[in-house]
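Novice: Below is the structure I would like to discuss, written out as structure tokens.
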Amino acid sequence: MSRKAVLFDMDGTLVDSEVLHFETLAAAVESFGYAVPDGYAERVTGRTIGDCHALLAEMVGFALPLDDFVARKYALYIERAGSLRTREGAQAVLALIRSSGAAMAIVSNSDRMLADANLTAVGLQTPGLVSVTRNDVRMGKPHPEPYLRAAWLLGVEPSDCIVVEDSAPGASAGLAAGMTVIGWPEPHRPDIVFPAGTVIADPHDLVATLRPLFSTSLETVPVPRIA
């Protein structure tokens, strides 16, 4: 069966931003007099900022209001976002999508201001790009709503969508939306266990997994280019 759209997670999938996210989160936590606990980084991959805050409260008794935590973390992140680059191999994947004619969207659990900063830094924030962030839906991943909204915005059926994710919560969201899901873990994250039904790609070669899912029957839809 042909697929007409590829829906990408952003952080860690298209944009090499997971390290910056954690560094600025840790700096925000430490600025309030707390320390990030062991094992925290592995547990927050793919989660919303609200989930991260709740986990800190659970693990170390973090007592700062969510709004204060978010303001500090986001300020630090925006300040440093200009240094971001695409993940290794992402440009080859985007070239494949352009040549296939598939539609494309970004679906992120990050807030809009962070998503826009990321996409601008790597040259993807262009007219016509469809993106869905945590601010655009009632429920974030692992709920299917973000991916279902992206499919609706693109005008394609969920069954005609391929999701590319680097996290288990994101993969769960895509599967719950009734989409084909490819797990593309970052090379340094062999610990991630994707849910059953996920197609696992080589961390260094997504193209080999994605190419067979395309067909010549796909409609030609412009895909933004990375500068």
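Novice: Ranked highest first by the average count of other Cβ atoms within 10 Å around their residues, in what order do 176-182, 4-10, 195-201 fall?
Specialist: 4-10, 176-182, 195-201
Novice: Taking 1 over the mean of 1/r across every pair of different Cα atoms in the range 41-116, what Kirkwood radius in Å do you get?
Specialist: This gives a value of 15.1 Å.
Novice: Then there's this: Largest first, please: the extent of the C-alpha atoms of the range 16-146 along each principal axis, to the nearest Å.
Specialist: 50, 31, 25
Novice: Oh, and also: Sort the following peptides by mean Cβ neighbour count (other Cβ atoms within 10 Å, averaged over residues), highest first: 132-145, 59-72.
Specialist: Sorting 132-145, 59-72 by mean packing, highest first, produces 132-145, 59-72.
Novice: Using 7 Å Cα-to-Cβ label points, what is the ASP205/ARG138 separation (nm, one decimal)?
Specialist: With each label placed 7 Å out from Cα toward Cβ, I get 4.4 nm.
Novice: To the nearest whole percent, what portion of all C-alpha pairs in the range 77-203 is separated by more than 18 angstrom?
Specialist: Counting pairs separated by more than 18 Å, the tail of P(r) holds 56 percent.
Novice: Same structure again: Please report the carbon-and-sulfur percent of the accessible area for the range 91-227; probe 1.4 Å, protein heavy atoms only, DNA, RNA and ligands left out.
Specialist: Exposed carbon and sulfur together represent 56 percent of the surface.
Novice: Which whole number of Å³ per residue matches the convex hull of the alpha-carbon atoms in the range 118-175?
Specialist: 94
Novice: May I pose another question? Relative contact order of the range 1-133: what whole-number percent is it, with Cα pairs under 8 angstrom and at least 6 residues apart?
Specialist: 38
Novice: Rounded if a/c is under 1.5, else prolate if a/b is larger than b/c, else oblate: which is the range 85-131, with a ≥ b ≥ c the root eigenvalues of its Cα gyration tensor?
Specialist: Judged from the Cα gyration tensor, the range 85-131 comes out prolate (a/c at least 1.5, a/b above b/c).
Novice: Below 8 Å between Cα atoms, with a sequence gap of 6+, how large is the relative contact order for the chain in percent?
Specialist: Computed over the chain, the figure is 28 percent.
Novice: For the chain, give me the percentage of DSSP beta bridges that are antiparallel, rounded to the nearest 5 percent.
Specialist: 10
Novice: Give me the accessible area per residue for the chain, probe 1.4 Å, as a whole number in Å².
Specialist: So the chain comes to 44 Å² accessible per residue, rounded to a whole number.
Novice: While we're here: Could you sort TRP184, TRP152 by their accessible area in this structure, using a 1.4 Å probe and putting the largest first?
Specialist: Sorted by accessible area, descending: TRP152, TRP184.
Novice: Here is a follow-up. List the residues whose amide H sits under 5 Å from the amide H of VAL15, counting only those 5 or more places along or on another chain, with H placed 1.01 Å from N in the peptide plane.
Specialist: HN-HN under 5 Å from VAL15: ARG87.
Novice: Can you work out the PRE-style zone for VAL193? Point 7 Å along Cα to Cβ, and I want the residues of the range 22-49 with backbone N under 14 Å.
Specialist: Those under the cut-off are 43.
Novice: I need the semi-axes of the equivalent ellipsoid of the range 1-89: take the C-alpha gyration tensor, multiply each eigenvalue by 5, square-root it, list largest first in whole angstrom.
Specialist: One finds semi-axes of 27, 16, 11 Å for the range 1-89.
Novice: In addition: Counting only residues 5 or more places away or on other chains, whose amide H sits under 5 Å from the amide H of VAL130 once H atoms are built in the peptide plane?
Specialist: Here the answer is ILE106, since their amide H atoms fall under 5 Å of that of VAL130.
Novice: In bins 5 Å wide, starting from 0, what share of all Cα pairs of the chain does each bin hold, as a percent?
Specialist: Result, from short to long distances: 1, 7, 15, 19, 20, 17, 10, 6, 3, 1, 0, 0 percent.
Novice: Next question. So what is the 222 nm mean residue ellipticity for the chain from helices alone, if each DSSP H run of at least 4 adds -39500 (n - 2.57) and you divide by all residues, rounding to the nearest 500 deg cm²/dmol?
Specialist: Mean residue ellipticity, 222 nm, calculated: -11500 deg cm²/dmol.
The values are calculated or read from the model by the stated rules, or taken from the named source; none is laboratory data. Fair warning: this is a prediction, and the values are worked out from it, not measured in the lab. Note that each Cβ is placed from the backbone with ideal geometry, even for glycine, and that neighbours are counted across all protein chains shown. These accessible areas exclude ligands, DNA and RNA; they are computed on the full protein's heavy atoms, side chains included. Shrake-Rupley method; radii C 1.70, N 1.55, O 1.52, S 1.80 Å.
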